[in-house]
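One structure is given here, and the rest of the page talks about it.
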Amino acid sequence: MLILASQSASRQAMLAAAGVPFTAIPARIDERALEAGLGDAPAPAIATALAEAKAAAVAALHPGGLVLGSDSLVVCAGRRFDKPRDRAEAAAHLAWFSGRQLELHSAAALVRDGTVLWSAASRADLAVRSLGSGFVDAYLDHEWPAVAGCVGVFRIEGRGVQLFETIAGDHFTVLGMPLLAVLGALRGLGALPA
Ligand SMILES: Nc1nc2c(ncn2[C@@H]2O[C@H](COP(=O)(O)OP(=O)(O)OP(=O)(O)O)[C@@H](O)[C@H]2O)c(=O)[nH]1
């Protein structure tokens, strides 16, 4: 059975809805330390490295297991963003995003016994409308702390959709994992019926 190295409800829901049997085992890694070590690497490379590290960390504890790791990050006007640590930071993220373009990079990797069998990254582009300060407060009154676990401070399937003028890219990438590519890789490895 596939192991999903993730505590992300969104990633677990995607796999469950797709009918992929899996067990979720969170990866215990220091994402921020890993990210810091990657410096100014391009966002897709950072997301891919984090996805591989999460999968490898869980694969090391489950010899022979096929482990899927995933990571998402946001780039906006030259700054990289991870999940907000508190409501004030969430408000600061939204203030920076207002009126700007968000790049949402989601990556995934499959690892078995220390070998990265496959990895890929995808990108979605989201145009954030100019957000009134009254809107941000009311939005966070509803969405905090639910969005504490969401890079970009939004759940697109919820009120997060109110942040955007346009969205270009794969829906699953926005939710946090390039699911279509993951399914193709699982079929290629014989882990899903072709
Ligand atoms: N529900 C929802 N979650 C989102 C959305 N956009 C991003 N996310 C989540 O934001 C989180 C990005 O943070 P990561 O550090 O990649 O992952 P995580 O939540 O720490 O979970 P791990 O996989 O255990 O690392 C993921 O859980 C994504 O699923 C969205 O529109 N809706």
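The values are calculated or read from the model by the stated rules, or taken from the named source; none is laboratory data. Every value quoted in this text rests on a predicted model; they were computed, and no experiment measured them. Quick reminder, even Gly has a Cβ in these numbers, built from the backbone with ideal geometry, and neighbours come from all protein chains shown. Heads up: the accessible areas ignore ligands, DNA and RNA and are worked out on the full protein's heavy atoms, side chains in. Shrake-Rupley method; radii C 1.70, N 1.55, O 1.52, S 1.80 Å.
Quick notes on this one:
- Rounded FRET efficiency, nearest 0.05, which uses the C-beta distance separating E157 from T23 and R0 of 25 Å: 0.55
- The long axis of helix 87-97 is offset from the longest Cα principal axis of the chain by roughly 80 degrees.
- With a Förster radius of 25 Å applied to the C-beta separation of T115 and E31, the computed FRET efficiency comes to 0.70.
- The residue list A41, G64, A9 was ranked by how far each Cα lies along the charge dipole of the stretch 8-79 toward its positive end, using unit charges on Cβ atoms, and A9 comes out on top.
- Mean residue ellipticity (222 nm) of the chain, computed from DSSP H runs ≥ 4 via -39,500 (n - 2.57), nearest 500: -10500 deg cm²/dmol
- Annotation: amide H-H contacts under 5 Å for L117 (H modelled 1.01 Å from N, sequence separation of 5 or more, or interchain): L110, V111, R112.
- In this structure, the amide hydrogen of A5, modeled 1.01 Å from its nitrogen in the peptide plane, lies closer than 5 angstrom to those of I25, L68, G69, counting only residues at least 5 positions away or on a different chain.
- Accessible area per residue for the chain is 46 Å², calculated with a 1.4 Å probe on protein heavy atoms, without ligands, DNA or RNA.
- 0 to 90° range, to nearest 10: angle between helix 43-59 axis and the chain longest Cα axis: 40
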